[in-house]
Amino acid sequence: MVYKIGIVGSDNSHAVVFSQIANGVDGENYVPGFKVTHLFGLDDKRNKEVAEKGKIENIVSDINEMIGKIDIAFIEFRHGGLHLEYAKPFIENKVPVFVDKPIAATTSDARKLIHLAKENQVLLTSFSTLRFTNVVQELKKIFEKEDPVFLSVLGPGDMQSEYGGLIFYGIHCTEIFNEISGTGVKEVYSIRKNGNIIATLLHEKLIGTIKIAPEMPYLFSIEILTKKSYFSSKVDIESCYKNGMIKIKEMLDKKQWVLSENEMFEPVAAAKAIEGSILSGKKVKAELF
């Protein structure tokens, strides 16, 4: 079976990446079983650019034109504040949805979106594809086998981002943290200097840190300590989009969510707690789903 994809939001570079993978333009990362057939965006010029680069046949002016013609919607807007609004019509019409990171710009929207999918019994997933890189998965297995002590994730991000603040890029770090440690972040304390952030996360299994800097290039690294081992590594991003597409195909084939509601929600809660701690100068409890 070939799953037809509708891309919603052309401003994100991921709209190009995913369409090129699905439509065979990127032969190295091609994942069979998909075809991007429709595209919606808020900028006509950008829509034409993405459609040309991704070989997308149909540009629509109303997302409702996609319903009945696609098997899954990819919500790709850079600003997470748009995700609930544009995912809702698909979910209400029983169309499976992948919401690119972040699932939402606020915990309130994230909670509403997840509840909406559960109420309508619709397949939903949302993740940073960095969750499924080889390094992250290898370190996750080590944490599952050995008693975890410490986890540190470093990457780019900016509280001043026009796309919702810290969560736009900081979500990558909190998703990596969540994938390796599992859910269980209870409390966060953050400090900031010159835009650079260090956050201490109290997790039910361990203590961790997330370090975020706006000057960082597109590079992520991880450090872990268990009662038996120590590892430090850069995150291998080369195959992350392909691995993400494979996970989405598995969801559609098996009709099972890739991540639980808590696994999708907690990275947003952690990112907002980091931001809230900086603004308040105090420890902040991470919201629960």
Notebook entry, point to check: If you go through the stretch 77-99 one residue at a time, do you hit one that is part of a loop (DSSP other than H, G, I, E, B) and among the small types (Gly, Ala, Ser)?
Noted result: no
Notebook entry, point to check: What are the pairs, 6+ residues apart or on separate chains, where a residue within the stretch 119-147 that is in contact (Cβ under 8 Å) with a residue 60 or more places away in the chain has its Cβ under 7 Å from a residue that is buried (at least 17 other Cβ atoms within 10 Å of the Cβ) and among the hydroxyl-bearing types (Ser, Thr, Tyr)?
Noted result: 129/241; 142/226; 143/181; 143/226; 146/226; 147/226
Next item on the list: Go through the residues of the stretch 67-81 one by one and say whether even a single one is over 20 Å from the mean Cα position of the chain (by Cα), crowded, with 19+ Cβ neighbours inside 10 Å, among the aliphatic types (A, V, I, L, M) and on the phi < 0 side of the Ramachandran plot.
Entry: yes
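Could we say that residue 179 is closer than 19 Å to residue 109 by Cα and in contact with a strand residue (DSSP E or B) (Cβ under 9 Å, 6 or more places away or on another chain) here?
Values: closer than 19 Å to residue 109 by Cα: no; in contact with a strand residue (DSSP E or B) (Cβ under 9 Å, 6 or more places away or on another chain): yes.
In short, no.
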Next item on the list: Output the number of the condition that residue 228 fails; it satisfies all remaining conditions of (1) part of a loop (DSSP other than H, G, I, E, B); (2) among the charged types (D, E, K, R); (3) under 29 Å from residue 118 (Cα atoms).
Entry: (3)
Note to self: Every residue in the stretch 264-289 that is outside any helix (DSSP H, G or I) and either on the phi > 0 side of the Ramachandran plot or of a type in the set (D, E, K, R) (or both), please.
What the structure shows: 281, 282, 283, 285, 287
Check: If you go through the stretch 128-170 one residue at a time, how many are among the charged types (D, E, K, R), buried (at least 18 other Cβ atoms within 10 Å of the Cβ) and either under 18 Å from residue 214 (Cα atoms) or in contact with a Phe, Trp or Tyr (Cβ under 6 Å, 6 or more places away or on another chain) (or both)?
Finding: 1
Next item on the list: Could you tell me which of the residues 201, 259, 252 is under 23 Å from residue 83 (Cβ atoms) and either hydroxyl-bearing (Ser, Thr, Tyr) or outside any helix (DSSP H, G or I) (or both)?
Entry: 259
Checklist line | Check on residue 247, in contact with a helix residue (DSSP H, G or I) (Cβ under 9 Å, 6 or more places away or on another chain), closer than 30 Å to residue 33 by Cα and outside any strand (DSSP E or B) | finding: yes
Check: Out of curiosity, is residue 165 farther than 25 Å from residue 243 by Cα and either among the β-branched types (Val, Ile, Thr) or touching a helix residue (DSSP H, G or I) at 6+ places or on another chain (Cβ under 7 Å) (or both)?
Finding: yes
Notebook entry, point to check: Name the pairs whose Cβ atoms lie under 6 Å apart, with the first residue in the stretch 98-115 and closer than 10 Å to residue 268 by Cα and touching a residue at least 24 places away in the same chain (Cβ under 8 Å), the second surrounded by fewer than 20 Cβ atoms within 10 Å (Cβ to Cβ) and not small (Gly, Ala, Ser), and 6 or more positions between them or separate chains?
Noted result: 107/287
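Rule-based calculations on the coordinates, nothing more; no lab input. Computed from a predicted model, the values in this text were never measured in an experiment. Virtual Cβ from ideal backbone geometry, glycine too; neighbours counted across all protein chains shown.
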